[in-house]
1. Among the residues of the range 54-70, write down those that are assigned to a strand (DSSP E or B) and either surrounded by fewer than 15 Cβ atoms within 10 Å (Cβ to Cβ) or within 18 Å of the chain's Cα centre (by Cα) (or both).
2. Which pairs turn up if I take residues in the range 51-63 that are within 20 Å of Asp90 (Cα to Cα) and look for partners that are among the hydroxyl-bearing types (Ser, Thr, Tyr) and assigned to a loop (DSSP other than H, G, I, E, B) with beta carbon separation below 6 Å, at least 6 apart in sequence or on another chain?
3. Restricting attention to the range 25-51, and to residues there that are touching a Gly at 6+ places or on another chain (Cβ under 8 Å) and surrounded by 10 or more Cβ atoms within 10 Å (Cβ to Cβ), which single residue is nearest to Ala62 (Cα to Cα)?
4. Go through the residues of the range 4-24 one by one and say whether even a single one is at pLDDT below 85, under 36 Å from the mean Cα position of the chain (by Cα) and open to solvent by 70 Å² or more (accessible area, probe 1.4 Å).
5. Cys136 - would you say it is more than 21 Å from Pro105 (Cα to Cα), open to solvent by 40 Å² or more (accessible area, probe 1.4 Å), among the hydrophobic types (A, V, I, L, M, F, W, C) and assigned to a strand (DSSP E or B)?
6. Please specify each residue of the range 71-110 satisfying the condition of being over 14 Å from the mean Cα position of the chain (by Cα) and either part of a strand (DSSP E or B) or among the aliphatic types (A, V, I, L, M) (or both).
7. In the range 71-117, which residues are modelled with pLDDT under 85, under 23 Å from Ala165 (Cβ atoms) and surrounded by fewer than 16 Cβ atoms within 10 Å (Cβ to Cβ)?
Amino acid sequence: KRFEKAMAKRGMKKVFGFISRTMKWLFIVFLLYLISLFFREQKIPGSFVESIVSDFLPTNTAVSVSYVSVGFSDGVRINDFKIYDSVSVDYCEPIASFKRASVRPLMREIEIESLTYKRLPANYYAEGNSEKNSRCEFRFPALGEFELLLVKPEILSVAPESLSATVTVSEQRIDVGNIYLKWPDTDAKMNLEGKCRVDLASQEIVGEVE
């Protein structure tokens, strides 16, 4: 009986030793996988992202995304984003787009390349259209504070070289400070500084330029 107990105990030690070694190697492999994410990106198909984003948009809008890449060093990068108005006369032309957006959560930074918003919606220019002063009821996502950088944007025919700002977003208010606007002028360095806020509680948009 002592011999059987000794053999059983030795067998249990082997089993636990095997499990321990297996768990150790699995942990090492998992750690190496995490480290490898610093040097490579995981790509997510654009169709998967489109199906998620579409649930948060009005029914008359559609989005197109080439792909999204995720990595520790570069964060999340959204490539070739376009948004369309399906009821517009020019429904094949995107109402807004950007080449690439890089979101770095650890550094609290968002960088957007070639953001384009060329004109207001078509119905704004329709004959007899008048602006409405009704109260805007909306809630922003509470993103907190982050640094925003726009590289070569074109918004309503205004095309600076770059725009940087510190943005703070709460449910009822957006504060944009330290705005630095740089113009693509080869003869002289031209820039513009300012700040602004969008306050839904008081229904105000206030901006200052220095």
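1. Ala62, Val63, Ser64, Val65, Ser66, Tyr67, Val68, Ser69, Val70
2. Once the first residue is within 20 Å of Asp90 (Cα to Cα) and sits in the range 51-63, its partners that are among the hydroxyl-bearing types (Ser, Thr, Tyr) and assigned to a loop (DSSP other than H, G, I, E, B) give Asn60/Ser86; Ala62/Ser86.
3. Of everything passing the filter in the range 25-51, Glu41 is nearest to Ala62 (Cα to Cα).
4. No, the range 4-24 contains no residue that is at pLDDT below 85, under 36 Å from the mean Cα position of the chain (by Cα) and open to solvent by 70 Å² or more (accessible area, probe 1.4 Å).
5. Spelling it out, it is not the case that Cys136 is more than 21 Å from Pro105 (Cα to Cα), open to solvent by 40 Å² or more (accessible area, probe 1.4 Å), among the hydrophobic types (A, V, I, L, M, F, W, C) and assigned to a strand (DSSP E or B).
6. The answer is Ile83, Tyr84, Asp85, Val87, Val89, Ile95, Ala96.
7. Asp74, Leu106
Let's see how each residue does on (1) outside any strand (DSSP E or B); (2) in contact (Cβ under 8 Å) with a residue 60 or more places away in the chain; (3) surrounded by fewer than 15 Cβ atoms within 10 Å (Cβ to Cβ):
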{"site": "Phe146", "(1), (2), (3)": "no, no, no"}
{"site": "Leu150", "(1), (2), (3)": "no, no, no"}
{"site": "Pro160", "(1), (2), (3)": "yes, no, no"}
{"site": "Leu163", "(1), (2), (3)": "no, no, no"}
{"site": "Ile174", "(1), (2), (3)": "no, no, no"}
{"site": "Asp185", "(1), (2), (3)": "yes, no, yes"}
{"site": "Cys196", "(1), (2), (3)": "no, no, no"}
{"site": "Ser202", "(1), (2), (3)": "yes, no, yes"}
{"site": "Gly207", "(1), (2), (3)": "no, no, yes"}
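The values are calculated or read from the model by the stated rules, or taken from the named source; none is laboratory data. Computed from a predicted model, the values in this text were never measured in an experiment. Positions of Cβ are backbone-derived with ideal geometry, glycine not excepted, and every protein chain shown enters the neighbour counts. Note: accessible area is taken over every heavy atom of the protein model, side chains too, but ligands, DNA and RNA are not part of it. Shrake-Rupley method; radii C 1.70, N 1.55, O 1.52, S 1.80 Å.
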